[in-house]
1. Can you give the longest run of chain A that contains no chymotrypsin sites (Phe, Trp or Tyr not before Pro) sitting in a DSSP loop with at most 16 other Cβ atoms inside 10 Å?
2. Could you tell me the calculated FRET efficiency between B:E25 and A:R55, based on Cβ-Cβ distance and R0 = 51 angstrom, to the nearest 0.05?
3. Given an 8 Å cut-off on Cα distances and at least 6 residues of separation, report the relative contact order of region B:52-168 as a percent.
4. Provide the per residue accessible area, probe 1.4 Å, for the protein assembly as shown, rounded to a whole number of square angstrom.
5. Carbon and sulfur: what percent of region A:102-220's accessible surface (1.4 Å probe)?
6. Measuring nothing but label to label, 7 Å from Cα along Cα→Cβ, what are B:V58's distances to the other copies in nm, shortest first?
7. Need one number: nm distance between label points at B:A158 and B:Q33, each 7 Å from Cα along Cα→Cβ, rounded to one decimal.
8. Compute the label-point distances linking B:Q33 to its equivalents in the other copies; points lie 7 Å from Cα along Cα→Cβ; give nm, one decimal, shortest first.
There are 2 protein chains.
Amino acid sequence: MASPAPTRPVDSPWQPAGQRARQREVKRQAVLQTAAQLFNEKGFHATSLDDIAERLHVSKPTLYYYVKSKDDILLECVRTALGMMQAGIDEVRRAGGRAIDQLMACMRIYSSIVMQDFGMCVIRIGEDPLPAPRRKELRRLKAGIDAEFRRLIAEGIAEGSLAPCDPKMAAFALAGALSWIGRWYRPDGDLDPAHIADQCIELLMAGVRQRPAPPARDNVRSRRAPNPPN
Amino acid sequence: MASPAPTRPVDSPWQPAGQRARQREVKRQAVLQTAAQLFNEKGFHATSLDDIAERLHVSKPTLYYYVKSKDDILLECVRTALGMMQAGIDEVRRAGGRAIDQLMACMRIYSSIVMQDFGMCVIRIGEDPLPAPRRKELRRLKAGIDAEFRRLIAEGIAEGSLAPCDPKMAAFALAGALSWIGRWYRPDGDLDPAHIADQCIELLMAGVRQRPAPPARDNVRSRRAPNPPN
């Protein structure tokens, strides 16, 4: 007897598991990013889960499928930004080259991230609203990035491209000035992120780069600073 | 008939009105300053009015005689710090002199205040937890200080002591780096505030001061920045 013609399987209205997981991740990212934008616009405390749901045209219960709480969202936003910074710095370190060039590349990564949604959260909201163990975790990530800046500055001094200075203080000043971009940058403003980064990095590098003595007529330096860095 | 000997008035157990008002103000300041210290140590949200009362050895109802709420305290702390900055800057402006010297004096005031309790609140907590009208008021105060920095930088360029640059961007970078001190400075740490200020200001001034071209071997500047400030 001839076997029956194979029946054509019904097209499943469910997506394959891998695709579902990807879809879920895309949606989770949209929740996080929308939340980050609202935190940065309105402030963390003034933003409710209802606001986030409304902007995404979903119900609040839908959000809970992707995130546990507002704290959980903030933690993820900050963790993501710090992770991006660390990954970028790691890549620069692996590529090698002069410490001064690595430092500038890291400054470029840092400033670019503080002008993005998650990075802006790090600067505008920070870890303050989170419970102590979470704050500690985020501080540890930040300390790791700070350590990279210090190390590169110390290496730059050793290779002669940077003027002798206290790497700890210089790292704070550089990262501080770049961090502040995240406070004042307006995504809808008329300044281009790359232009902002160029200008700030240029100004800051002039402060740490090995350089000739300033012209004699300018004696402010020797009067004001007992321990000038060069 | 002889008039009766004048009776000696009883010593009032109440203090004169003027003294009472002063006492009240001293106590109110102690509440604000203790609150600022706790906000800076533990974070604004992790600090309760009970914590503040406990540190001052008073009851919470006693606090309400001096302040309305935690929001009210934060507002006063930030307002006080910004007022101190503006007053310091006004004094520098009145004293006159070269714009570069005025700028450095203002940077010194700014950095000194961000290392004090109220100033640290501006940087660590900011206006985020406050309702919108309060946030707006504080942003207006900050914008005033930013405007002074921009004006001094523009004047410094005009007098030839500062290298040509975008005053808006330079003001953000300078104030940003100095602001960040308030994030990492530890009152119980081993770094002296004056030393920190000197080092940071020195580094930043090297970035904006009018200066000779960098040595030819260092060509990073011309490669990286299409519009170098000098």
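1. Segment A:66-230 is the longest.
2. So, using R0 = 51 Å, E works out to roughly 0.65.
3. 30 percent
4. Ligands and nucleic acids excluded, the result is 49 Å² per residue.
5. C and S fraction of accessible area: 56 percent.
6. 4.9
7. Placing both labels 7 Å beyond Cα along the Cβ direction yields 4.0 nm.
8. 4.9
The values are calculated or read from the model by the stated rules, or taken from the named source; none is laboratory data. Computed from a predicted structure; not experimentally measured. All Cβ positions, even for glycine, are placed from backbone atoms using ideal geometry, and neighbour counts span all protein chains on display. Surface areas here come from the heavy atoms of the whole protein model, side chains and all, with no ligands, DNA or RNA. Shrake-Rupley method; radii C 1.70, N 1.55, O 1.52, S 1.80 Å.
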